[in-house]
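Asker: Could you have a look at this structure, given as structure tokens, before my questions?
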Amino acid sequence: MLEHPQEVRLAQASLSDTAPTGHLSDKMNPTVGIAVILTVLQAAHCQMIKDLSACLLGQNLRVDCHYENKTSNPLTYEFSITKDNRKHVIHSTISVSENIYRSRANVTMHRNLVCLHLQSFTTSDEGVYMCELKATNDYTGNQIRNITVIKDKLEKCAGFSLLIQNTSWLLLLLLSLPLLQAVDFVSL
């Protein structure tokens, strides 16, 4: 074993002098190869859950699963709850929903948003809710996010929160107001 810094420098120099040349693969560091593979896998990752939130809409629970859409491939989903150390499927296109939730649950899908609506939410429905997403031909696995839902700690849903999910129409309207006033279409 080399113990002196000068011996280490000499050993490194002799290794670099004897390294084969000519082919890129001969010179490529294995760490660089792994980094390239990981970068390709990340780029191939089609869906990424950005946020999971829950709120009360009257007596109903709404769980919003926001995701980043990187593909037009069909999306599959599963909403489940874990309580008493057991997973219960509420609504799903991946597996079979449990009978207890079938008549009370439905899912709506909007741009970059999958919403679970659970009717007649009570304290017996409290637990850890999970949103699981998978895009067709996404080989990197399912995206999963959890949220703990306790009825007394839930906020009320904002009435217009779905409208502001895609704020481009609102921004366009606000930017066009001065133009509309200038041509006397709108008088404030």
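Values quoted throughout were computed directly from the atomic coordinates according to the rules given, and no laboratory measurement underlies them. The structure displayed is predicted, hence computed values, not measured ones. Glycine also receives a Cβ, built like all others from the backbone with ideal geometry; neighbour counts cover every protein chain displayed.
Asker: Using label points projected 7 Å from each Cα along Cα→Cβ, tell me how many nm separate Gln59 and Lys151, to one decimal.
Answerer: Computed distance between label sites Gln59 and Lys151 equals 1.0 nm.
Asker: May I pose another question? Given an 8 Å cut-off on Cα distances and at least 6 residues of separation, report the relative contact order of region 50-109 as a percent.
Answerer: 19
Asker: Same structure again: Would you list which lysines come within 21 Å of Lys87, measuring only between C-alpha atoms, while excluding same-chain residues fewer than 8 positions from it?
Answerer: Reachable lysines: Lys134, Lys151.
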